[in-house]
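Before any comments, here is the structure.
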Amino acid sequence: MLHGFTSPRRVVITGFGCVTPIGIGREQFWEGLKAGKSGVRRIESFDPSAFNIQIAGEIPEFDWQAQLNPKDRQHVPRTVPLALAAAREAVADSGISTDGLSLEEKRRFGVILGTGGGGLSFTEKQFGFWFSGNAGKGSIYTIPASTHGGLSSELSMTFGLHGLSHIVSTGCTSSTDAIFYAAQHIALGCQDVMLAGGVDSPISPGILKGFEVMKVCTDKWNHDPARASRPFSRDRSGMVIGEGSWVYVLESRESAKERKAHVYAEIAGYGSTCDAYHRVRLEENGVEPARAMTLAIEDAGLSPSDIEYVNLHGTSTELNDRIETQAMKRAFGDHAYEIPMSALKSQIGHPQGATGAAGIGATLLALNEGVLPSTINLDEADPACDLDYVANSSRKQKVNFGLCNCIGFGSKNSAIVLSRPEPGSTASLDRLAIESAKFDKEEEQAFTELGGFATEPY
């Protein structure tokens with residue numbers, strides 16, 4: 001398996017599906033981003049009255065039962081229907097009919113998903129049955145359904161895919177890492193097509209209590225949930241947990257071109273590091289998050305000045321936002337002040353291990369429609385957070401290269417660079433033609449000075 005490689009294949013995204021707090025499906029998600037919609041609300045899945053934290057990025061309108069056979073509904077965690085709904089949309093969007101694939105084609109079609117908590121909320125519910133004298137209500141599949149690895153198997157079984165079926169669980173960077181590993185398998189010729197992305201649903205009494213104990217979530221905005229997640233704001237008071245799924249179809253550039261498939265973006269580069277510092281807390285200097293971004297940019301064959309948009313981790317905690325801002329300055333130098341960037345969590349909360357895949361979905365909006373998502377609730381920036389966070393209103397601006405940044409528990413840092421497909425083509429930008437294909441900075445500046453689209457809110 002590790003022999004006979006020549007040059008790696010280029011990998012592109014040709015299908016996109018999602019279930020999010022601001023919209024179910026890609027179109028609703030993108031419309032929610034453009035409108036600056038907040039998906040944070042009072043928790044409805046259980047009574048949160050006894051908790052200091054009573055809000056989350058929840059999706060109560062999601063019809064999870066429609067994704068499952070009736071006999072399966074009591075035996076799987078909520079992450080399974082969330083992942084299935086996103087994957088079904090992604091596969092349909094890609095134009096690939098899994099029913100029409102040969103056995104060999106199915107053997108070269110794999111699944112890699114990222115998740116932080118997997119089925120923990122399901123496990124919590126089952127333990128509640130067992131230790132309250134209601135064991136008969138529990139599932140006989142508690143153990144396999146609670147195992148993270150079973151999540152990708154649910155997708156493999158649903159679509160009849162016999163390729164590798166793996167889960168990556170590296171905290172908040174889980175889905176960023178999963179998408180890279182999926183791309184790597186295609187690049188090296190080990191698989192031809194991959195379903196890759198992230199899913200998490202950490203909204204349950206026990207998990208919420210755990211976040212209360214850690215004191216990382218805000219309890220100041222129960223009265224006004226939509227304004228609770230406030231990345232980079234002077235008065236931010238902690239993150240808001242969220243849920244959701246973002247799944248993509250990945251394949252080689254050559255395959256997409258042969259199928260005449262629509263290409264959302266090319267996965268151009270990846271970098272990952274570890275502070276090796278603390279279970280939760282970030283190291284103050286921001287060196288390793290910066291290095292992860294630098295590695296991703298170098299892997300893409302680019303320089304920092306080529307990056308035109310960054311989707312930030314932006315959790316809304318005092319520490320993360322300040323240190324991530326510092327890391328941006330380390331990675332980009334003076335160019336950090338010129339790059340528009342935004343924090344998706346201001347709109348959807350923090351979906352834990354799915355956060356990287358969510359950021360990629362937001363970056364695809366910038367690459368495909370020239371619309372930069374905003375950081376909402378940024379009324380007054382922290383003086384230590386002094387970059388262009390696309391505050392409060394989305395912005396029209398052409399982007400050729402975007403970077404998605406993630407910072408996770410356990411000192412982990414991961415970043416992915418995406419490149420925009422050529423207009424009217426299934427091919428991504430050829431790196432040999434970067435200089436001629438880049439958006440002309442002088443023209444952009446002139447257009448801005450004339451009141452052009454580069455600074456107008458959407």
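Couple of notes before you dig in:
- Label-point gap, in nm, between ARG234 and CYS190 - each point 7 angstrom along Cα→Cβ: 5.1
- Shape of the range 306-395, Cα gyration tensor, a/c cut at 1.5: rounded
- Straight Cα distances below 23 angstrom link LYS412 to the lysines LYS215, LYS329, LYS345, with same-chain residues fewer than 8 positions distant left out.
- When only the Cβ of Lys, Arg, Asp and Glu is charged (+1, +1, -1, -1), the dipole of the chain relative to its Cα centre reaches about 1200 debye.
- Theoretical gain in end-to-end length, HIS278 to ARG259 [0.36 nm per residue, Cα-Cα removed]: 2.2 nm
- A simple spin-label model places the labels of ILE140 and PHE127 2.4 nm from each other, with each point 7 Å out along Cα-to-Cβ.
- Debye-formula intensities of the range 12-259, expressed as log10 I(q)/I(0) at q = 0.13 Å⁻¹, are -0.84 (one equal scatterer per alpha-carbon, no solvent).
- Positive-pole candidate from GLY301, THR79, MET341, dipole of the chain, charges at beta carbon: THR79
- Projecting the Cα atoms of CYS18, SER152, ILE43 onto the dipole axis of the range 12-259, where Lys and Arg carry +1 and Asp and Glu carry -1 at the beta carbon, places ILE43 farthest toward the positive end.
- Rg over Rh for the range 244-346 works out to 1.03, using Cα positions for both radii and the Kirkwood form for Rh.
- Inter-centroid distance (Cα atoms) of the range 223-269 relative to the range 71-119, Å: 18
- Tail beyond 12 Å, pair distance distribution of the range 54-103 (Cα, percent): 70
- The order of the peptides 47-60, 392-405 by mean Cβ neighbours within 10 Å, most packed first, is 392-405, 47-60.
- Whole-angstrom gap from the range 128-163 to the range 1-66, using each part's C-alpha centre: 21
- Ranked by the mean number of other Cβ atoms within 10 Å of their residues, highest first, the peptides 343-353, 23-33 come out as 343-353, 23-33.
- R0 of 22 Å, Cβ-Cβ distance GLU44-ALA226: FRET efficiency to nearest 0.05: 0.90
- Quotient of C-alpha Rg and 2.2 N^0.38 Å, computed over the range 80-173: 1.28
- Formal net charge of residues neighbouring TRP221 (Cβ-Cβ distance under 12 Å; K, R +1; D, E -1): +3
- Sorted ascending by nearby beta carbons within 10 Å, beginning with the fewest, TYR264, TYR277, TYR270 become TYR277, TYR270, TYR264.
- Pairwise Cα distances in the range 1-151 exceed 19 Å for 68 percent of all pairs.
- Taking THR142, THR355 and counting other C-beta atoms within 10 Å, the order from fewest to most: THR142, THR355
- Of VAL213, VAL287, the sequence from fewest to most neighbouring Cβ atoms within 10 angstrom is VAL213, VAL287.
- What the pair-distance distribution of the chain shows, using all Cα-Cα distances binned every 10 Å from zero, is 5, 22, 33, 26, 11, 2, 0, 0 percent.
- The range 279-298 and the range 319-386 have their alpha-carbon centroids 15 Å apart.
- Packing-based order for 378-388, 356-366, using average beta carbon neighbours within 10 Å, highest first: 356-366, 378-388
Since every read-out is calculated from the coordinates, none of them should be taken as a lab result. Here the structure is a predicted model, which is why all the values come from computation and not from measurement. Cβ: placed from backbone, ideal geometry, glycine included. Neighbour counts: every protein chain shown.
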